[in-house]
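Notes for the one structure printed next.
The values are calculated or read from the model by the stated rules, or taken from the named source; none is laboratory data. Bear in mind the structure is a predicted one, so any value in this text is a computation, not a measurement. All Cβ positions, even for glycine, are placed from backbone atoms using ideal geometry, and neighbour counts span all protein chains on display. Remember, those area values only see protein heavy atoms, side chains included, never the ligands or the DNA or RNA. Shrake-Rupley method; radii C 1.70, N 1.55, O 1.52, S 1.80 Å.
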Amino acid sequence: MSARSARFAPSQVKTIEVLLDGDMRYEATTGSGHIVLADNRDGNMAPRPTELVLVGLATCTAMDVISICRKKRQRVERYRVHLRAEQRAQYPQVFTRIDLMHDLEGHALSETAIRRSVELSATKYCPVSAMLSAGATEIHHAYRISDPRDPATLREAEVIVTGPNQPPDVVV
């Protein structure tokens, strides 16, 4: 085993069981025991599967960013991720572009720390981002930082663009 491959943990196996629960509504049970519903446009009783992919991306990167910010001792008081995605009309209807805006509020937040947190999520830690960027999807990562005590401190910038066809650093 090379020193490079020793850095990577052994692969993890994830399981999902899907049960038809109506016309086109499905109940998915994750290996961790959580239930997620999915439906099509006609039934409209739950999110579409492609919306769930976007939820996965937004929450995955949010978990990374807030975790890194905390390690950098950034006191984030409010945090939201806004996501906008463009999906191809032809089948398969893949996402071609996704824009993520990390909207952070807090007193004296370091722009350098926030930028680096978003960059690390986009390029190193978020597996959902890596999977989408490896395919047809271009992902734009940006931030907006504000201090509720001083509205004049608003700062906003794009951090990085990943994909399309950008294979992740994977060692098998």
The range 106-128 - residue that is in contact with a helix residue (DSSP H, G or I) (Cβ under 9 Å, 6 or more places away or on another chain), open to solvent by 60 Å² or more (accessible area, probe 1.4 Å) and not charged (D, E, K, R) and, of those, farthest from R144 (Cα to Cα): P127
Members of the range 137-172 that are surrounded by 14 or more Cβ atoms within 10 Å (Cβ to Cβ), in a loop (DSSP other than H, G, I, E, B) and touching a strand residue (DSSP E or B) at 6+ places or on another chain (Cβ under 6 Å): T137, G163, P164
Residue satisfying condition, being open to solvent by 70 Å² or more (accessible area, probe 1.4 Å) and more than 13 Å from the chain's Cα centre (by Cα), within set Q90, Q74: Q90
Counted residues, the range 93-105 - those being open to solvent by less than 50 Å² (accessible area, probe 1.4 Å) and closer than 18 Å to R48 by Cβ: 2
Meets criteria (loosely packed, with under 15 Cβ neighbours inside 10 Å, within 18 Å of P127 (Cβ to Cβ) and within 19 Å of the chain's Cα centre (by Cα)) for T61: no
